[in-house]
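Notes follow once the structure below has been shown.
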Amino acid sequence: MEGGCHCGSIRFRVSGNFSWLGACYCVDCRKVSGTPYTVFACYDKQSVELLRGAPKEYASSKNVRRAFCADCSSPFAYRYVDMPGEEQNMYIPVGAFDDPAKLAPRQHIWVSQKLPWVHIHDDLPQRER
Ligand SMILES: [Zn+2]
Ligand SMILES: [Zn+2]
């Protein structure tokens, strides 16, 4: 499955399936995206191939790096640093894929920071953090 940023400078391909897929309502995701929540699909780093471009990285918190296109600002990926168990993981916002129709979230996280006017209308698991 392929994807890329809005301007086309960055193109990538993932092989294999995601290991996690969920919607995050945390304040950091809200600020960085400018939207109330972000849906991420997690892939093993080895299965994500950068076809074109050089994403820029931003330290959004001590243990999190967020990569984005320096030309159009589209988010590309989220990864942890110095976080045991997360070394292999790369979280890609599903909107970056060309066809994210099948990437519906399987859970909701950081609902403790969810805006009160965002309503969850499903029975998927919810986590406070
Ligand atoms: Zn771009
Ligand atoms: Zn978040």
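When restricted to residues that are of a type outside the set (A, V, I, L, M, F, W, C) and closer than 21 Å to residue 14 by Cβ, the stretch 99-120 contains 6.
Among the listed residues 67, 59, 54, which satisfies the condition of being surrounded by 17 or more Cβ atoms within 10 Å (Cβ to Cβ) and away from ligand 2 (no atom under 11 Å from the Cβ)? On inspection, the qualifying residue turns out to be 67.
Hey, among the residues in the stretch 80-129 that are basic (Lys, Arg) and in contact (Cβ under 8 Å) with a residue 24 or more places away in the chain, which one's surrounded by the most Cβ atoms within 10 Å (Cβ to Cβ)? Checking each candidate, the answer is 114. Residues that are among the polar types (S, T, N, Q) and part of a helix (DSSP H, G or I) within the stretch 25-48 comprise 33, 46, 47, listed in sequence order. Per the conditions (1) β-branched (Val, Ile, Thr); (2) within 30 Å of residue 123 (Cα to Cα); (3) within 16 Å of ligand 1 (Cβ to nearest atom), the sole criterion not satisfied by residue 38 is (3). Annotation: residue 61 fulfils all but one of (1) within 16 Å of residue 11 (Cβ to Cβ); (2) away from ligand 1 (no atom under 16 Å from the Cβ); (3) of a type in the set (Ser, Thr, Tyr); the unmet one is (1).
Just one of the listed residues (22, 3) is within 16 Å of ligand 1 (Cβ to nearest atom) and part of a strand (DSSP E or B), and it is 3.
Every read-out reported here was derived from the displayed coordinates using simple, explicitly stated rules and does not represent laboratory data. Note that the structure is predicted; figures quoted are calculated from it, not measured. Don't worry about glycine lacking a Cβ; one is built from the backbone with ideal geometry, like all the others, and counts go over all protein chains shown.
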